[in-house]
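Novice: Here it is, the structure, as structure tokens.
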Amino acid sequence: MPELAEVEWFRKQWDAGRGGEIVDLSLHTRNRVFRGSDVHQLQQRLIGASLLSSHARGKRMLFKFSGDNWLGIHLGMTGNIRAETAKYRAAKHDHLVLFQRERVLVFTDSRQFGRVRFYHGSDEPDWWKSDAPEIISREFDRKFVDEFLDRHRKAPIKAVLLMQNGFPGIGNWMADEILWRAKVLPSKKTTKLSARECTAIFRATKFVVRRSLETLGEDFSDPPRNWLIHQKWKRNGICPIHRTPLRHATVAGRTTAWCPRCQR
Ligand SMILES: [Zn+2]
């Protein structure tokens, strides 16, 4: 599932079409990715509109079009967006295709856990607003994180890191990476964390997000070689530091990997 850094990369794929007018579009009206949206209004208003700007917030994207039109996209499990050449023909899982004169902007989602939302209005849509600061921003500081951890004392730390209203954009692989780096056991109850561990989690969160944006988010290149992500899905994955076999279990409903020597 795309997390913050992958989403940032996908967001930029439609930037090729900025300034371009939508001359036609095709969409799968009844597909569940459009749940809650007025697809007829989407169709009527977006044709003739131009793509003005794109934004990412956690795992969500927002595209602003002329004429006070907004498109929100969540990629879900298997969604992606990309730009194709003007000759492109829509395929089976292309649920939304925006035709410009020079290119075609495509949203594809084979399993349909993603979502496309349309909004018409002068201010950004209500569903785009968020109380959680972006992790790379200055507002995401120790105070915010400490208060958030304190509000979820009873949950395992892995579950707390997956909460989008506290750690927007963090998903399964980034949470494991953060906890491995912070040397904290994923199943540890948040209330049991020492001040030192809270500091380590805060620092690791900032670091993992920044470096992921510099690699994956920039050009979809791999995160640094000595990261856990390269080992965590392998059957015989090892800790990049100790070469100890990783342990695997389901924590917070998600497959989780950790090093029994680093993380206690
Ligand atoms: Zn280790």
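The values are calculated or read from the model by the stated rules, or taken from the named source; none is laboratory data. Given the structure is predicted, the values throughout are model-derived calculations rather than measurements. Note that each Cβ is placed from the backbone with ideal geometry, even for glycine, and that neighbours are counted across all protein chains shown.
Novice: Can you tell me which of 221, 187 is of a type in the set (Ser, Thr, Tyr), modelled with pLDDT under 95 and surrounded by fewer than 19 Cβ atoms within 10 Å (Cβ to Cβ)? Spell out the reasoning first.
Specialist: Numbers: 187 fails: modelled with pLDDT under 95.
Unique residue meeting the criteria: 221.
Novice: May I pose another question? Name every residue in the stretch 78-92 that is in a strand (DSSP E or B) and out of contact with any Lys or Arg (no Cβ under 7 Å at 6 or more places or on another chain), in order of residue number.
Specialist: Filtering the stretch 78-92 for residues in a strand (DSSP E or B) gives 79-85.
79, 80, 81, 82 - these are the residues of the stretch 78-92 that are in a strand (DSSP E or B) and out of contact with any Lys or Arg (no Cβ under 7 Å at 6 or more places or on another chain).
Novice: Pick out the one residue from 115, 138 that is of a type outside the set (A, V, I, L, M, F, W, C) and closer than 21 Å to residue 42 by Cα. Working first, answer last.
Specialist: Numbers: 138 fails: closer than 21 Å to residue 42 by Cα.
Result: 115 is the single residue among 115, 138 that is of a type outside the set (A, V, I, L, M, F, W, C) and closer than 21 Å to residue 42 by Cα.
Novice: Take the residues in the stretch 227-238 that are within 12 Å of the ligand (Cβ to nearest atom) and within 12 Å of residue 176 (Cα to Cα), then tell me which one is farthest from the chain's Cα centre (by Cα).
Specialist: Restricting to residues being within 12 Å of the ligand (Cβ to nearest atom) and within 12 Å of residue 176 (Cα to Cα), the top hit is 231.
Novice: May I ask you to verify whether residue 195 is of a type in the set (A, V, I, L, M) and either in contact (Cβ under 8 Å) with a residue 60 or more places away in the chain or within 16 Å of the ligand (Cβ to nearest atom) (or both)? So that I can check it myself, show each step before the final result.
Specialist: Values: of a type in the set (A, V, I, L, M): yes; either in contact (Cβ under 8 Å) with a residue 60 or more places away in the chain or within 16 Å of the ligand (Cβ to nearest atom) (or both): no.
So residue 195 fails the test.
Novice: Whether any residue in the stretch 239-248 is in contact with a Gly (Cβ under 8 Å, 6 or more places away or on another chain), of a type in the set (A, V, I, L, M, F, W, C) and either within 16 Å of the ligand (Cβ to nearest atom) or on the phi < 0 side of the Ramachandran plot (or both) is what I want to check.
Specialist: Yes, the conditions are met somewhere in the stretch 239-248.
Novice: If I ask for residues that are surrounded by 14 or more Cβ atoms within 10 Å (Cβ to Cβ) and assigned to a helix (DSSP H, G or I), which ones from the stretch 16-57 would you list?
Specialist: Correct list: 16, 17, 33, 34, 39, 42, 43, 45, 46.
Novice: Suppose we keep only residues that are under 16 Å from residue 177 (Cβ atoms) and away from the ligand (no atom under 14 Å from the Cβ) within the stretch 249-264. Which one would you say is nearest to the chain's Cα centre (by Cα)?
Specialist: Here is the first cut: in the stretch 249-264, the residues under 16 Å from residue 177 (Cβ atoms) are 251-252, 254-259, 262-263.
Adding the requirement that they be away from the ligand (no atom under 14 Å from the Cβ) leaves 251-252, 254-256.
Numbers: 251: 20, 252: 18, 254: 16, 255: 18, 256: 18 Å.
Applying the filter and picking the extreme gives 254.
Novice: Here is a follow-up. Only one of (1) within 16 Å of the ligand (Cβ to nearest atom); (2) buried (at least 19 other Cβ atoms within 10 Å of the Cβ) fails for residue 170. Which number is that?
Specialist: Failing condition for residue 170: (1).
Novice: Let me ask something else. List pairs: first in the stretch 227-252 and closer than 17 Å to residue 158 by Cα, second more than 14 Å from the ligand (Cβ to nearest atom) and in a strand (DSSP E or B), Cβ under 7 Å, 6+ apart or cross-chain?
Specialist: Between residues of the stretch 227-252 that are closer than 17 Å to residue 158 by Cα and residues that are more than 14 Å from the ligand (Cβ to nearest atom) and in a strand (DSSP E or B), the close pairs are 248/255; 248/256; 249/256; 250/256; 251/156; 252/156.
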